[in-house]
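In what follows, a single structure is set out as structure tokens and then discussed.
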Amino acid sequence: MLEKRSQKEVALDFGNREAHVPTFNLAAHVNNSATLQQLLSLGVDLHSIERRKGLGEFVLRLDFKQNVKPYLMFLADQGISPDDFGKMITKNPLLFKEDLDDLQTRVEYLKSKRFSDEARQRILTHNPYWLMFSTRRIDRRLGYFQKEFYLSGHDLRLLATKEPRLITYNMEHIRKSVFTLREEMGFSPKELQSLIVRKPRLMMIPPDDIIERFSYVHNDMGLSHKQIVQCPELLASREFRLRERHEFLKLLGRAQYDPQKDLYISPSDVVQGNNFYFKNKMSTTPKSEDLLGESWIELSNTAAMAGIKSPDRITPLPFSNGEEYLRLLREAQRESNQSSRVVSLASSRRDTPRDSPKSPPNSPQSEQCPDDELRNVYINYWTKAGDKQNTDNGDWLQNWNRGTEEQPPKEWKFERSSDGDDDEKKKTTGYSIRLKRLGANSLFSREILYSLLVTNVLSLLLGAGFGLWLSKRGILLTRVVID
């Protein structure tokens, strides 16, 4: 009777009884499991563990003192910080299934290969699956990378430390990536070696994505293999990100990646920082046009009217009145836009006022020089008696240049040179085949005509004889007529 009561009391006691019904996550067992509570205190993400098949049940059955604590002490002996325990257990909770002696052997192997303490800590922290691989398997993986890329011991240790996940990655994927970089992209063995050591993560990117990025960087941006090797982050960036920034540089007129030219943009600047940082850095750099300085004229009305020198201008304005100076500039611009007109020397001298101010030194001159119209005209320096004029005429020329009222002497004559007549004769002479000559004879001379007639007759006779000879031998094809 007492036993029946005790069983009834146990059946009705819901306080300390564990749940035996199916649960969807580990949250239902946290309150009753000391192991789960300790794992949560270490920073383990139970939600990430329970999403993988079978791992939730495996963790739930662990005893913290017997199955977890010895492994934590082992990791602490390797110099790993307790703050990293949660990340390592979250990534690889199956670590608790391995034998502690095997784990110690795998760590000793890294020491024998002269991996430093910091390198071993980084390898175990960033890739907890490393401890799941046997010593022989790790040795084969390291040997493959050393022979495939001709790596030295130092480079191999650097590669394994930079990207520990690469050593335990899928070998089939790695072989495809090597084939893509070497055969499809055309990197030489030396370039491939430098590329892998600098950016080992490229081997873990899907080959199709690498080809797409390389095609844009090499073909559209115009970067060579050498530049890509110096900045392997180009292949690690998304193609859309590269295209977006390259088009932005083209919009600014600064898409220039040749270090031998001006306004050089380093390829590393294209992949660094976020878009806000990149836009501000590229937009604040002055363009080449901004480096040319100011124009030759200062158009500030206040400075011009006051006669004050601007800080960028060394020489003062030629006029004290700024409005007059601006008016002259507008007149010079208006004259430069008009079509060029041919004027004579006398009319240009007569129409020009004496007291008109000169144009600015850099104003454009659109009028033609009157000397071009007098190219074929010469001045007769000889008098009617045949004597040459006195040198007094030279003084008159100087006076004529100074004033507009001076007139040339009456005995001077203006005649057109004979060169112009010869040019006109050459222009009027047309093209005629009768004027052409063949050697010393004309094209239609008797000798030429006789030779043409004789050669034509001989060629006709030779052709007829050759045709008869072929017909007798039956070489010629017979004509077939189909009714």
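The values are calculated or read from the model by the stated rules, or taken from the named source; none is laboratory data. These numbers come from a predicted model, not from an experiment. All Cβ positions, glycine included, derive from the backbone under ideal geometry; neighbour counts span all protein chains shown. Side chains are part of the model used for accessible areas, which takes the heavy atoms of the whole protein and leaves out ligands, DNA and RNA. Shrake-Rupley method; radii C 1.70, N 1.55, O 1.52, S 1.80 Å.
The test for being under 20 Å from PHE133 (Cα atoms) and within 46 Å of the chain's Cα centre (by Cα) does not hold for ILE49. The set of residues from the stretch 177-208 being touching a Leu at 6+ places or on another chain (Cβ under 9 Å) and farther than 22 Å from LYS147 by Cβ comprises just one member, ILE205.
In contact with an Asp or Glu (Cβ under 9 Å, 6 or more places away or on another chain), crowded, with 17+ Cβ neighbours inside 10 Å and among the charged types (D, E, K, R): does that describe LYS226? Considered against the rule, which asks whether it is in contact with an Asp or Glu (Cβ under 9 Å, 6 or more places away or on another chain), crowded, with 17+ Cβ neighbours inside 10 Å and among the charged types (D, E, K, R), LYS226 comes out as no.
The condition of being free of Cβ contacts under 8 Å to residues at least 60 places away in the same chain, buried (at least 17 other Cβ atoms within 10 Å of the Cβ), among the basic types (Lys, Arg) and under 19 Å from LEU166 (Cβ atoms) holds for only one of ARG137, ARG141, that being ARG141. If you scan the stretch 118-147, which residues turn out to be more than 42 Å from the chain's Cα centre (by Cα) and part of a helix (DSSP H, G or I)? Those that are more than 42 Å from the chain's Cα centre (by Cα) and part of a helix (DSSP H, G or I): LEU131, MET132, THR135, ARG136, ARG137.
Of all the numbered requirements in (1) closer than 24 Å to VAL197 by Cα; (2) open to solvent by less than 90 Å² (accessible area, probe 1.4 Å), ARG238 misses one, and that requirement is (2). Can you find a residue in the stretch 179-194 that is β-branched (Val, Ile, Thr), assigned to a helix (DSSP H, G or I), touching a Pro at 6+ places or on another chain (Cβ under 6 Å) and farther than 16 Å from ILE123 by Cβ? Looking through the stretch 179-194, at least one residue is β-branched (Val, Ile, Thr), assigned to a helix (DSSP H, G or I), touching a Pro at 6+ places or on another chain (Cβ under 6 Å) and farther than 16 Å from ILE123 by Cβ.
Being β-branched (Val, Ile, Thr), open to solvent by 30 Å² or more (accessible area, probe 1.4 Å) and either free of Cβ contacts under 8 Å to residues at least 60 places away in the same chain or closer than 22 Å to ARG157 by Cα (or both) holds for only one residue in THR105, THR90, and it is THR105.
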